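The next block holds one structure in the form of structure tokens; read it before the comments.
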Amino acid sequence: MNIEISKLSNGLTVISDPMPQLESAFVGVWVNTGGRNETRPVMGVSHMLEHMAFKGTERRNARQIGEEIENVGGYLNAYTAREQTAFHARILKADVRLAMDLLSDILTNPTFPQEELERERQVVLQELGQARDTPDDIIFDHLQTAAYPDQPMGWPILGLEETVSAFTREHLKTYMTDHYRAGDMTLVASGAVDHATILKMAEDMFSVLPSGYGPVPAAARYVGGEIRDDSGDLEQAHLAFAFPGVTSLGADYYPAQIYATALGGGVSSRLFQEVREKRGLCYSIYAFSSSSKDTGTFGVYTGTSDDDAGEIAPVIAGEMAAMAENANDAEIARAKAQMKSGMLMGLERPGSRAEMIASHMFTFGRVLTTQEMIEAVDAVDVASVRRVGANLMQTALPTIAAVGPVGKLESAARFANRFGAPALAAE
């Protein structure tokens, strides 16, 4: 990677990542704000603003924005996460200027037309309804809410019906004025680009962004808890378990990733082999390790039947304990190979590269080299993976989210007892 980094006078970071063999480019702007930056009355405003940015500017209406990018065969999209919001375009190399112009227009000149807000409000309400009808999606909202109760880190990114229904143009304008500031924004262009051209375009198009930084969100506090929802008419029980994890800056970040991969990251993992292949308790099961600067969670998801829900939780806890005790060289080497191949394959796609670069800038203040990342993975050994597993087994604060027929799933107290919680009284 031959990355160049510059800063505009207003504080916007501009990064180019040339891939001269390509005929296309990916250009994106990442804003260091998301769901965890909101207040309760405007829960979901980050996501609504992301939608509304495409609904009209001082120079273009919503239809013109869509037509201009599609006239050249490109696409323009965005997403909202808990910590960042991203706006991005994929185009042929001859159309990079158009992509930059469209991105700057929606980020510097949005008008938030009232009639579009009313229409988009209905779209987001439909999106909320669709999420609730998709149990393997909504389960993770429940898991986040149970792990981080009564704080922005645990609120649903889409918001709630009552907050979405109450949004006004002033809410959007105020949030954008407060949080969309150049110091908290990073522009990344990857693919058929060169730095001098991208920097000149950025100076011409993005210098009007206000300087400075937005408010710093409150620190996240992992608490742990339980949410069970058996109100729907579902065939399967969707179960997710979470535990306090590691931060993205923590010394155990890479061992935690390898632990998650070895435990439940593929068909050769312990959970897949034991729970699906040997016992036939589920169709899908996997583990994950998610990190931010000030918190992290380790988790496991599975979908199973009502009858098998009572058996699956103790099996998951048992495999976690076994990994902490006897993780071996072969499976750790396999997990490291999976992680490295995922990194290197991602570097072949300009969108993945741009997203990684933006993530590194927000997390580390610089872009890690490929060699640094590979060396960090290679440095993980069996002892460090066992240590991560042992720490998980000592937590007294597991989280459970369950949707569907979950009457036979063991209680949160009994599940916690398999970890660091005090022993249950005899029943």
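Around residue 87, under 14 Å between beta carbons, what's the net of Lys plus Arg minus Asp minus Glu among the other residues?
On the way: positive: 55, 90; negative: 50, 101, 105, 184, 355.
Spelling it out: positives minus negatives among the neighbours equals -3.
Let me have the relative contact order for the stretch 236-314, percent, based on Cα pairs under 8 Å that are six or more residues apart.
Working: 147 pairs, mean separation 32.7, N = 79.
Normalised by residue count, the contact order of the stretch 236-314 is 41 percent.
Which trypsin sites (Lys or Arg not before Pro) in the stretch 217-272 pass both tests, a DSSP loop state and at most 11 other beta-carbon atoms within 10 Å?
Details: sites: 221, 228, 270; in loops: 221.
Answer in residue order: no site qualifies.
Rounded to the nearest 500, what is the chain's calculated 222 nm mean residue ellipticity when only DSSP H runs of at least 4 contribute -39500 (n - 2.57) each, over all residues?
Working: 15 runs with 185 residues, N = 427.
After summing the helix terms and dividing by the residues of the chain, the value is -13500 deg cm²/dmol.
Count charges around residue 17 for me, please; just the other residues with Cβ under 13 Å from its Cβ, Lys/Arg as +1, Asp/Glu as -1.
Numbers: positive: 349, 353; negative: 4, 194, 348, 355.
Residues near residue 17 contribute -2 overall.
What's the ranking of 230-238, 66-74, 357-365, 397-405 by average number of surrounding C-beta atoms within 10 Å, highest first? Spell out each step's value before the answer.
Details: 230-238: 16.0, 66-74: 14.2, 357-365: 18.0, 397-405: 24.6.
The most tightly packed comes first, giving 397-405, 357-365, 230-238, 66-74.
Specify the inter-centroid distance of the stretch 310-334 and the stretch 1-25, based on alpha-carbon positions, in whole Å.
Taking the Cα centre of each part, the stretch 310-334 and the stretch 1-25 sit 42 Å apart.
Which shape class applies to the stretch 1-115: rounded if a/c is under 1.5, otherwise prolate when a/b exceeds b/c and oblate if not, where a ≥ b ≥ c are the square roots of the Cα gyration tensor eigenvalues? Kindly include the intermediate steps, with their values, before the conclusion.
Values: a/c = 2.03, a/b = 1.27, b/c = 1.60.
The shape class here is oblate.
Please tell me the relative contact order of the chain in percent, rounded to the nearest whole number, where contacts are Cα pairs under 8 Å and at least six residues apart.
RCO, the chain: 20 percent.
Probe of 1.4 angstrom, ligands and nucleic acids ignored: what's the accessible area per residue over the chain, in square angstrom? If you can, show how the numbers build up before the last one.
Working: 18360 Å² over 427 residues.
Result: 43 Å² of accessible area for each residue.
State to the nearest 20 debye the size of the charge dipole of the chain about its Cα centre, where the only charges are +1 on K and R beta carbons and -1 on D and E beta carbons.
Numbers: 36 positive and 56 negative charges, 176 e Å.
The calculated dipole for the chain is roughly 840 debye.
For the stretch 45-101, calculate the relative contact order in percent as a whole number, restricting contacts to Cα pairs under 8 Å that are 6 or more residues apart. Walk me through the numbers before you get to the answer.
On the way: 51 pairs, mean separation 16.4, N = 57.
After rounding, I find 29 percent.
May I ask you to give the percent of accessible area on the chain that is carbon plus sulfur, with a probe radius of 1.4 Å?
Details: 9110 of 18360 Å².
It is 50 percent, rounded to a whole number.
Could you tell me how far the Cα centroid of the stretch 31-88 sits from the Cα centroid of the stretch 284-301, in Å?
Value for the Cα centre distance between the two parts: 27 Å.
Calculate the length of the line joining the C-alpha centroid of the stretch 355-427 to that of the stretch 163-242, in whole Å.
First find each Cα centre; the distance between them is then 24 Å.
Mind listing the phi-derived Karplus ³J(HN,Hα) values for the stretch 167-182, rounded to whole Hz, using 6.51, -1.76 and 1.60 with θ = phi - 60°, and x for any glycine or proline?
Karplus values, whole Hz, x for Gly and Pro: 4, 10, 4, 5, 4, 5, 4, 5, 5, 5, 4, 6, 10, 8, 10, 4.
I need the phi-derived Karplus couplings for the stretch 146-155: 6.51 cos²θ - 1.76 cosθ + 1.60, θ = phi - 60°, integer Hz, Gly and Pro marked x.
Working through the residues one at a time gives 6, 6, 10, x, 6, 7, x, 4, x, 7 Hz.
The values are calculated or read from the model by the stated rules, or taken from the named source; none is laboratory data. All figures in this text were calculated on a predicted structure; none of them were measured in a lab. Every residue, glycine as well, gets a Cβ built from its backbone with ideal geometry; the counts of neighbours run over all protein chains shown. Remember, those area values only see protein heavy atoms, side chains included, never the ligands or the DNA or RNA. Shrake-Rupley method; radii C 1.70, N 1.55, O 1.52, S 1.80 Å.
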